[in-house]
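The values are calculated or read from the model by the stated rules, or taken from the named source; none is laboratory data. Just so we're clear, the structure is a prediction, and the values are computed from it rather than from any experiment. Reconstructed Cβ throughout: ideal geometry from the backbone, glycine too, with neighbour counts over all protein chains shown. Surface accessibility is based on the protein's heavy atoms, side chains included, excluding ligands, DNA and RNA. Shrake-Rupley method; radii C 1.70, N 1.55, O 1.52, S 1.80 Å.
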Amino acid sequence: MEKGSTSILKRLEEVMREQWDCDALTDYGSDITYKYSGVAKRICYFHLLFESLGIKPGDKVAICDKNSSNWAIAMLAVLTYRAVAVPLLPDYSKEQLKMLCEHCDAKFMIASHRLANLWPEGQCPMYMIDVMDLLAMTPSSFTDEIEDKAYELFAKRYPKGYTKDQVHYEAENPNDLMILSYTSGSTGNPKGVMLPWRSLQSNMQFAADALPNSKNMNMFLILPMAHMFGFAFDFLYCITCGSHLYILTKIPAPKVILEAFAAIRPDYFLCVPLVMEKIINAKVKPVLDKPLMKVLFRVPGIHKLICRQIRKQLTIALGGNFYEVIMGGAALSKEVERILRMVGFRFTIGYGMTECGPIITYSDWKEHRLGSCGKAALNMEVKVDSPDPKNTPGEIITKGPNMMVGYYKNEQATADTIDEDGWLHTGDLAVMDKDGFFYIRGRKKNMLLGANGQNIYPEEAEDQVVSHSVFEECVVVQREGKLVALVYISDMLLQKLGTTREELDLEAIRRDVNLHLPSYCQLSKLEQRNEEFEKTPKKSIRRFLYK
């Protein structure tokens, strides 16, 4: 999206015309590629389909399937029709999806085959259509009646074919509802976040100011498209730039993903911290932990050579063409961040939430500070609600055009989140340095109270467990006033280490980890789990499930 532009829909209209013969969407690993002309024609077909069914601008249309070019086209069709898009994560159970569809009052659903029988026969409250092959369907059987009607309308309206000069999208009203996005539920039941067009307009302005901006860009999307982080900055920003987006439709072996990076060579890359942590823990940390390497690191000249080589290999592994790697959605391990900074890798950490569509804070990799999630993003006011923000953690609160209208059908939750002065309370605790950089300490709901009244942020203890032990995942809980670390190590890592869960000396590990923790945050026990923790699609642990 060009700097200074505000209307997303008029920008999409321009892009469809300007890039008519250029590649727009590719399902990576398949022969499916759509040019912008193909995307525009399918959008037109969808619009006629909506018209034939009596769908009106402002009506809610649900979209539920795994990442694909067809998902992207369906979303663009809903948006350009000025209906309200309701992206639903395919990870939800059928029962959850049924509940969400009924809660959001969807008039239409674009979904996968597995949802064909979501309701008993004859009880479906809306029309449904298959996202993959666009076959119209009812809950009990497939039919081509609606699709035939849309084809008939298309032939009548465009008897000589659909050309780029016929692409027209009416500009959006910034305050109209654009997206109803259900949170992934890391702290409980999902809530419907009402995002107006102004939120994504502002996010696109931020992206144009902060990120590479070119029609010649290649992008590689691995995040869920139904999640706002991937939706805004991988999908929507890429398309409004007129670039080529490669979409990972399923999670293959790591080797295949690295091969994809080498082939696509993306101009920037978005990921959750877990992806980078796995790369560093598997490829870099074992090398740095070797006794000889620790000796060589004490030699200044050799130290620089080793760091340069590690940086080069990491950069090549991710295609070698990216401006920076942007991480968000969860906390990055302090040890992994330290290693990335030490070798001079081009990365940064942003902070946001669905309720801001999503960006709140960010800094370019050149000014990124260790442990920070950046400064207030373009158009946003952000502050720490604390009498001493530099030293005493307080809740991050924010206001600006990125903010949601509220939670759908949930006035109480809205009032609990947006105060009378218009500040959105994020629930995250942080401090802020003199230059405006924010440093998150943990979630307000997760904060524990120590025996001496000291505030304890379990996330900090969890980070130390992961950094200074073999365990890959950790959740710290409080039982009878004492801190207990629930920990998990995968079978693959156990096999690599040549040991078993039973052979791990939990008490010795606990004592070692406690050496890195303050006195008020000492762990009384480590408790092993045989299965990894349940997570949200953005790979945050669903903490509320564990006590």
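Relative contact order for the stretch 188-317: 22 percent, from Cα pairs under 8 Å spaced at least 6 residues apart, divided by residue count. Output needed: percent of Cα pairs per 20 Å distance bin for the chain, bins running from 0 to the one holding the longest distance. Percent of Cα pairs in each bin: 20, 53, 24, 3.
On the principal axes of its alpha carbon atoms, the stretch 422-461 extends 33, 25, 16 Å, with the longest extent given first. Calculate the spin-label point distance for residue 163 paired with residue 292, positioning each point 7 Å from the Cα along the beta-carbon direction, and give it in nanometres. About 7.0 nm, to one decimal. For a straight C-alpha distance cut-off of 16 angstrom, the aspartates and glutamates reachable from residue 164 (same-chain residues fewer than eight places away being disregarded) are 13, 14, 18, 21, 23.
For the stretch 437-518, what number results from the quotient of the Cα radius of gyration and 2.2 N^0.38 Å?
Details: Rg = 14.2 Å, N = 82, 2.2 N^0.38 = 11.7 Å.
This ratio for the stretch 437-518 stands at 1.21.
DSSP finds beta bridges in the stretch 1-113, and of those with both partners inside it, around 25 percent are antiparallel. Residue pairs exceeding 24 angstrom between C-alpha atoms, taken from 10/215; 250/312; 56/160; 285/434; 10/366; 255/312: 250/312; 56/160; 285/434; 10/366. Secondary structure note: in the chain, about 55% of the DSSP beta bridges are antiparallel. Put a dot 7 Å past the Cα of residue 530, heading toward its Cβ, do the same for residue 370, and the two dots end up 4.1 nm apart. Entry for the stretch 285-399 at q = 0.11, 0.15 Å⁻¹: log10 I(q)/I(0) = -0.48, -0.78, Debye formula applied to identical alpha-carbon scatterers, no solvent contribution.
Every Cα-Cα pair in the stretch 392-547 was counted, and those over 20 Å apart are 59% of them. Fully extending the segment from residue 490 to residue 454 would add 9.6 nm, taking 0.36 nm per residue of separation and subtracting the current Cα-Cα distance.
One decimal place: the segment residue 262-residue 156 gains 33.6 nm when fully extended, by the rule 0.36 nm per residue minus the C-alpha distance. Computed on the chain, with alpha-carbon pairs under 8 angstrom and 6+ residues apart, the relative contact order is 12 percent.
Of the accessible area of the chain, computed with a 1.4 Å probe over protein heavy atoms only, carbon and sulfur atoms account for 51 percent.
If I take R0 = 35 Å and measure r between the Cβ atoms of residue 516 and residue 91 in this structure, what FRET efficiency does the formula 1/(1 + (r/R0)^6) give, to the nearest 0.05? All intermediate terms of the calculation are to be shown ahead of the outcome.
Numbers: r = 34 Å, r/R0 = 0.98.
Approximately 0.50, to the nearest 0.05.
Karplus-based coupling profile of the stretch 347-354, in residue order and whole Hz: 9, 8, 10, x, 9, x, 7, 3, with θ = phi - 60° in 6.51 cos²θ - 1.76 cosθ + 1.60 and x standing for Gly or Pro.
Think of the stretch 1-54 as a dipole: +1 on every Lys or Arg Cβ, -1 on every Asp or Glu Cβ, centred on the Cα centre; then among 40, 26, 9, 9 lies furthest on the positive end.
Send over a whole-number figure in Å² for the accessible area per residue of the chain, probe 1.4 Å.
Working: 24300 Å² over 547 residues.
Result: 44 Å² of accessible area for each residue.
Its residue count N sets the reference 2.2 N^0.38 Å, and the alpha-carbon radius of gyration of the stretch 361-448 equals 1.13 times that reference.
If the label point is 7 Å along Cα→Cβ of residue 468, which residues in the stretch 499-514 have backbone nitrogen under 17 Å from it? Under 17 Å, as judged by backbone N against the label point of residue 468, lie 505-514 of the stretch 499-514. A Förster radius of 51 Å combined with the Cβ-Cβ distance from residue 445 to residue 31 puts the calculated FRET efficiency at roughly 0.60. If R0 is taken as 30 Å, the Cβ-Cβ distance between residue 542 and residue 105 corresponds to a FRET efficiency of 0.65. With the charge dipole of the stretch 286-376 set up from +1 on Lys and Arg Cβ and -1 on Asp and Glu Cβ about the Cα centre, the Cα lying farthest toward the positive end among the listed residues 321, 296, 310 is that of 296. Straight-line reach from residue 290: taking Cα to Cα under 18 Å and skipping same-chain neighbours fewer than 8 places apart, the aspartates and glutamates in range are 335.
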